[in-house]
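What follows is a set of notes on a single structure, which appears directly below.
The values are calculated or read from the model by the stated rules, or taken from the named source; none is laboratory data. Predicted, not measured: the structure shown is a model, and the values here were computed from it. Positions of Cβ are backbone-derived with ideal geometry, glycine not excepted, and every protein chain shown enters the neighbour counts. What goes into the accessible areas is simple: the full protein's heavy atoms, side chains included, and nothing from ligands, DNA or RNA. Shrake-Rupley method; radii C 1.70, N 1.55, O 1.52, S 1.80 Å.
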Amino acid sequence: HTIIVYTGDHAEAFRDHGQMGPTFSVLDEEIHVPAWIDAPPGTVSADARDKLNAARRSFLFHPDLTATILDVLGVWDDPGIEKYKEKMLGRSLLRPIADARPTPLTNCAGVWSCAFENWGIMQGSLKVEARAWDPSWHCYDVDVDPHEVMNLRTPSCQTLEQLATA
């Protein structure tokens, strides 16, 4: 009767992109963390299990875990949380994954200061990012370029840059 959700809080750069440690950027080496959900038979419906398995092939974020946990607890459809769901970035992994929506990125928070401010946004496999010492936007297609070395200049990147700036 127990579902286990496992993840890490952040990754670590070890000279990747010339950086050392966490909180310097939102590049893959700092934000890509392991995660899995162990939902034994009987803890979720067969349909929810299928959706959860299908989510393995999607780009997922920590806020998705929050939404998924609320769904597991049976409160995701409760009208009492509708006004909060509108502001949530996450989506339940027990439901169909809709079109990829832009997700803001940072590994800085009010409770954990950063050595250097960093920010970005990701939609599908496209990611734009900037750092305090280099505030110009860099755009990557992480499916094609998982090491984030080819800065793209495409209309899709410009749209994400505008969203990130806004």
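What the table below lists for this structure:
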| item | result |
| --- | --- |
| Environment charge at ASP141 (Cβ cut-off 14 Å; Lys +1, Arg +1, Asp -1, Glu -1) | -3 |
| Accessible solvent surface per residue of the chain, calculated while the other protein chains remain in place, 1.4 angstrom probe, Å² | 61 Å² |
| For the chain, size of Cβ-based charge dipole, Lys and Arg +1, Asp and Glu -1, in debye | 300 debye |
| Sequence-distant residues sharing a close amide H with ALA11 (under 5 Å, placed H) | ILE31, HIS32 |
| Linear extension gain, LEU152 paired with ALA100, 0.36 nm per residue minus alpha-carbon span | 16.8 nm |
| Heavy-atom accessible surface of region 47-88: percent carbon and sulfur, 1.4 Å | 54 percent |
| Extension gain, PHE116 back to VAL144 (0.36 nm per residue minus Cα-Cα distance, nm) | 7.3 nm |
| Estimated vicinal HN-Hα couplings, Hz - region 152-166 in sequence order (Karplus 6.51, -1.76, 1.60; Gly, Pro = x) | 7, 10, 10, x, 4, 5, 4, 4, 5, 4, 5, 5, 5, 5, 5 |
| Sites matching chymotrypsin sites (Phe, Trp or Tyr not before Pro) across region 48-151 that sit in DSSP coil, with at most 11 neighbouring C-beta atoms within 10 Å | TRP133 |
| Residue with peak Gaussian network fluctuation, the chain [Cα springs, cutoff 10 Å], from ARG101, ARG57, ARG49 | ARG57 |
| Theoretical gain in end-to-end length, THR159 to TRP36 [0.36 nm per residue, Cα-Cα removed] | 41.1 nm |
| Residue of PRO135, PRO155, PRO104 that the Gaussian network model of the chain assigns the largest fluctuation, springs spanning Cα pairs under 10 Å | PRO155 |
| Residues whose placed amide H lies under 5 Å from that of ARG131, excluding near-sequence neighbours | SER136 |
| The chain - percent relative contact order, Cα under 8 Å, separation 6 or more | 20 percent |
